[in-house]
Amino acid sequence: MKKLWLFAGLVATFLGTLSITANAAKDEGSYDDAIEARQSLMQVYKYYWFTLNQMSKGKIKYDAEIASIAAESLLASVRLDQTHMWPEGSHSENPANRKNTTLPAFWKASPEDVAKADKRMLDSVSEIQKVAGQGREQLKAAMRKVNSGCKGCHDDYRKKDD
């Protein structure tokens, strides 16, 4: 478990440093560094979520220890500060940016709405972390909550695949 927390700390430090350094010097142009940082973080989410989701559906064998580690890792990644990974202008319609799927509507959301979405995500992943090692059925019920939470932001702020 110590290795897991060390890894999570290293990821947090790397992503935070990359994003803050890239955006501190930015005054205009592309936001590729911030976009790359948030896409990398989403890949970390996806990796652990996929393991948990497949176990909850019975598509891979449920293993309480692996589920617990995946849930701890997912929670650690959700807790990372993303503030500097979402600078205004880093959306999909800015031709100076690398390819990404974030719609400009994201920056029109109220700070309260963003805070509520962040809290829903943290709360649902915290619930997964609490029950991941207790059995497939408990994991399955908790996964439904996180899936609907992710879907909310993706439906509103993510460009549909062409």
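The values are calculated or read from the model by the stated rules, or taken from the named source; none is laboratory data. What you see is a predicted model, and the numbers here were worked out from it, not measured in a lab. Neighbour counts are summed over all protein chains in view; Cβ atoms, including those assigned to glycine, are modelled from backbone coordinates with ideal geometry.
Of the residues screened, LYS61 is not one that is among the basic types (Lys, Arg) and part of a helix (DSSP H, G or I). Counting only residues that are touching a Phe, Trp or Tyr at 6+ places or on another chain (Cβ under 9 Å) and of a type in the set (S, T, N, Q), segment 43-99 holds 6 of them. Listed by first and then second residue, the pairs with beta-carbon distance under 7 Å, at least 6 apart or on different chains, first residue in segment 144-158 and under 19 Å from LEU75 (Cβ atoms), second among the charged types (D, E, K, R), are LYS145/GLU127; GLY149/ARG120.
Scanning segment 48-67 for residues being within 18 Å of the chain's Cα centre (by Cα) and touching a residue at least 12 places away in the same chain (Cβ under 8 Å) gives a total of 6. Output the residues belonging to segment 77-112 that are part of a helix (DSSP H, G or I) and touching a strand residue (DSSP E or B) at 6+ places or on another chain (Cβ under 9 Å). Matches in segment 77-112: PHE106 only.
Just so you know, in segment 71-109 the residues that are free of Cβ contacts under 8 Å to residues at least 40 places away in the same chain and touching a helix residue (DSSP H, G or I) at 6+ places or on another chain (Cβ under 7 Å) include one that is nearest to ASN53 (Cα to Cα), and it is HIS91.
Among the residues of segment 28-40, is there at least one that is under 10 Å from the mean Cα position of the chain (by Cα), surrounded by fewer than 17 Cβ atoms within 10 Å (Cβ to Cβ), outside any loop (DSSP other than H, G, I, E, B) and of a type in the set (Ser, Thr, Tyr)? Checked against the condition, which is being under 10 Å from the mean Cα position of the chain (by Cα), surrounded by fewer than 17 Cβ atoms within 10 Å (Cβ to Cβ), outside any loop (DSSP other than H, G, I, E, B) and of a type in the set (Ser, Thr, Tyr), segment 28-40 yields at least one hit. The residues of segment 127-157 that are surrounded by fewer than 17 Cβ atoms within 10 Å (Cβ to Cβ) and polar (S, T, N, Q), listed by number, are GLN134, ASN147, SER148.
Taking the criterion of being modelled with pLDDT under 85, basic (Lys, Arg) and under 19 Å from SER68 (Cβ atoms), the only residue of segment 115-162 that qualifies is LYS145.
Could we say that ALA115 is crowded, with 17+ Cβ neighbours inside 10 Å, in a helix (DSSP H, G or I) and either over 13 Å from the mean Cα position of the chain (by Cα) or on the phi > 0 side of the Ramachandran plot (or both) here? Taking the combined requirement at face value, the residue does not satisfy it.
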